[in-house]
Every structure is written in C-alpha cells, then in structure tokens.
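Read through the structure below, which is laid out as structure tokens, and then see the notes.
The values are calculated or read from the model by the stated rules, or taken from the named source; none is laboratory data. This structure is a prediction, so every number in the text was calculated from the model and none was measured. FYI the Cβ positions are ideal-geometry reconstructions off the backbone, even for glycines, and counts take in every protein chain you see. Accessible surface is based on the protein model in full, side chains and every heavy atom, while ligands, DNA and RNA are left aside. Shrake-Rupley method; radii C 1.70, N 1.55, O 1.52, S 1.80 Å.
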Amino acid sequence: MTSEGGTTRDRYTIGEVVEKLRPEFPTLSVSKIRYLERRRLLSLSRTRGGYRLFSPRDVELLRYILKLQDEEYLPLKVIKERIDRGEPFYSSQDSPDGLPRVSEDRTYTREELAEAVEVEPSFVDELINLGVIGRNGDLRQRDVEIVRMAREMAKYGIQPRHLRGIMAAVEREAAMFKQILNPDLRSGDEARIAEAMHKARHLAGMDSRLKELMMASIIESFAP
C-alpha cells in the first residue's frame, strides 16, 4: 500500500483498512474487525490513545481471513487453527501481478488426503460415497478440512453416515439460495453472475453464523 505521495506506509487506521477492503468485501465493517480481534485472529498494535493500527501484513492477514470466510465458508475456529499452524499467506508484494494470494488450493488423491488427516482411506471413501466431499470430482483443501472435522466428530461416536442428514440440510438451504438468485445466475451477464455468486457466499456466511448462534442457545439448555 502506498500513500498519496507514492511512499509506502507502515501503519493504517481501522477506518482506512475498511475503506481499502470494502470494494472486495462490501459487508466489512469496523465492528466485524473488532470481533475478529476479540476472537484472536488478529493481533493489532495500538497508539497510546488506544486506537488500533494495522501493518501491511495485518491488512493482508485480514484479507486472507475474509477470503476464507467468503470463498470456503470456513468457521473462525478452523481459520484460527490454520493461522496458528503458520499456514502461509501472501501479500500483494509477494505475487508477480500485484494481487493478494492465499495458500494454493491443491488437489489430493484419496490416499494423500487420508495421509494428510491421518485417517484410513476407507474413511475418506465413505465420505466421498455419501457426497460429503469430492462433489465436483476433485479433492481439495476444503475437503481436507471437512475430513478433519469428521474425524474429530467420530471421536464422539458421530460416524460419516450420520453426516448425511447434515449434508441434506445444507443442500436444501443451498437450493433455496439458488432459487432466490437464479434470475441473475441465468442472465448470461458476467457482472450479474459474479454479483450473484458473491451474494450466495454472503448468504452462506450469514447462514453459518445463524446456525452457530442457534446451536449455542440450544446447547446452553442442556445443563439442568
């Protein structure tokens, strides 16, 4: 990032960051950034007066987080795990065309995926057969995260076959979003289609957060 005079700046206010990233993420707000900081996905320096300051790396990390939310629908807990593992993300200065880069979304064979998550290939096969992963023919990073979470759930006795109901609910909700956005998706206009895809991702993000809050309310009722 550079200032109006063309010199590189090393600190930005939260308002400047929102203004910079809002063209990519129209729903971004100051309150959302504060929430991400409270969840410890961001660690920002502050002025003596308590104002948040972003380094260029902080800005790129925020962009990375928002992309994972918008494009891969990952929950914040999983995103934080990626960051804590030191998974690389790339600033605009690192890429030859000046565009921000996130980690490469490589493809996996079933054996590679099983090895990456430390499960048996049969576990991966069952998730593929149920349509939980590999729905587009490839196994990608998103599928790795799904298998990792399925493995954790299996520790509590929730087997892959139990995820069929969750997948069916997701498909119903996705169908509802598609029906709402279908006029734009079928318009043949690239700009309208791109905007519809963005809206679909935004709806998916809100849907995920809504279910998270609803689930939290229900779980609180478990205790006598």
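Results for (1) modelled with pLDDT under 90; (2) surrounded by fewer than 11 Cβ atoms within 10 Å (Cβ to Cβ); (3) more than 26 Å from GLU24 (Cβ to Cβ), shown as yes or no for each residue.
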site	(1), (2), (3)
GLU115	yes, no, yes
ILE128	no, no, yes
ILE133	no, no, yes
ARG142	yes, no, no
GLU145	yes, no, no
ALA154	no, no, yes
GLY157	no, yes, yes
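The conditions are (1) surrounded by fewer than 18 Cβ atoms within 10 Å (Cβ to Cβ); (2) on the phi < 0 side of the Ramachandran plot, and TYR64 fails exactly one of them. Which is it?
Among (1) surrounded by fewer than 18 Cβ atoms within 10 Å (Cβ to Cβ); (2) on the phi < 0 side of the Ramachandran plot, TYR64 violates only (1).
Would you point out which residue out of LYS199, LYS178 is over 19 Å from the mean Cα position of the chain (by Cα), closer than 19 Å to GLU72 by Cβ and not β-branched (Val, Ile, Thr)? Don't jump to the end; show me each part of the working.
On the way: LYS199 fails: over 19 Å from the mean Cα position of the chain (by Cα).
One residue alone meets the criteria, LYS178.
With the condition kept exactly as written, say whether any residue in the stretch 204-215 is in contact with a helix residue (DSSP H, G or I) (Cβ under 9 Å, 6 or more places away or on another chain), free of Cβ contacts under 8 Å to residues at least 40 places away in the same chain, surrounded by 11 or more Cβ atoms within 10 Å (Cβ to Cβ) and of a type in the set (A, V, I, L, M).
no
Hey, does the stretch 208-219 have a residue that's over 24 Å from LYS67 (Cα atoms), among the β-branched types (Val, Ile, Thr) and in a helix (DSSP H, G or I)?
The answer is yes; a qualifying residue exists.
Go through (1) of a type outside the set (Val, Ile, Thr); (2) within 30 Å of PRO23 (Cα to Cα); (3) open to solvent by 90 Å² or more (accessible area, probe 1.4 Å); (4) free of Cβ contacts under 8 Å to residues at least 12 places away in the same chain and name the single condition ARG172 misses.
(2)
Of the residues SER217, SER208, SER221, which is under 23 Å from PHE25 (Cα atoms) and of a type in the set (S, T, N, Q)? Walk me through how you get there before you give the answer.
Working: SER217 fails: under 23 Å from PHE25 (Cα atoms); SER221 fails: under 23 Å from PHE25 (Cα atoms).
Only one candidate qualifies: SER208.
Restricting attention to the stretch 35-57, which residues are open to solvent by 50 Å² or more (accessible area, probe 1.4 Å) and within 23 Å of HIS198 (Cα to Cα)?
Result: TYR35, single match.
What is the number of the single condition among (1) open to solvent by 80 Å² or more (accessible area, probe 1.4 Å); (2) modelled with pLDDT under 90 that ARG186 does not meet?
(2)
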